[in-house]
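Single-structure report; data block below.
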């Protein structure tokens, strides 16, 4: 916790302000700082994000990671479930699935939608790691839904198209992970 204490001191951030920033009760945060309460994986990720990477997961785990009253070993938890989405591969999937969602509607600039949607969904996928236990296709579908919704809003799509969002997001996510698995085998 020394790295976190150093960060707070050097940035002039109070423990209460940092606790609010990461969405943790001030008393619970104080216990984490004292080492009397473990830091859960999602809280550790919020800390890393809140510091803009000034703190790393390893900084929060420290040398005492084996003791019961220390930081939970969250490095292993994030190793497999928090892999980033390949925005290029997702763009290819969305090139095939967006026309179905849009009902074939085209307008100037639509050729950029798959890339923009893929980048937004990839960033959202990573951000969701701090607030959800979903992973893989479920988390990607969760990340795609607001992106699809915004696209349909901007296009003034009829409400019948909005009802397709959840199913289309899940189908695209499953296709992405299916292709990812196939590329790993090849």
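Read the figures in this text as sums done on the coordinates, not as results from a lab. These numbers come from a predicted model, not from an experiment. Cβ coordinates were reconstructed from backbone atoms using ideal geometry, including for glycine residues, and neighbour counts include every protein chain displayed.
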Calculated on alpha-carbon atoms, Rg and Dmax of the stretch 87-185 in Å = 13.0, 41
Taking r as the C-beta separation of residue 27 and residue 133 and R0 as 30 Å, the FRET efficiency to the nearest 0.05 is 0.75
Between residue 155 and residue 54, what is the FRET efficiency for a Förster distance of 25 Å, r being their Cβ-Cβ separation, to the nearest 0.05?
-> 0.05
Burial-style ranking of 23-29, 117-123, 33-39, average other-beta-carbon count within 10 Å with highest first, yields 117-123, 33-39, 23-29
Mind ranking 95-102, 2-9 by how tightly packed they are, going by the mean number of other C-beta atoms within 10 angstrom, highest first?
-> 95-102, 2-9
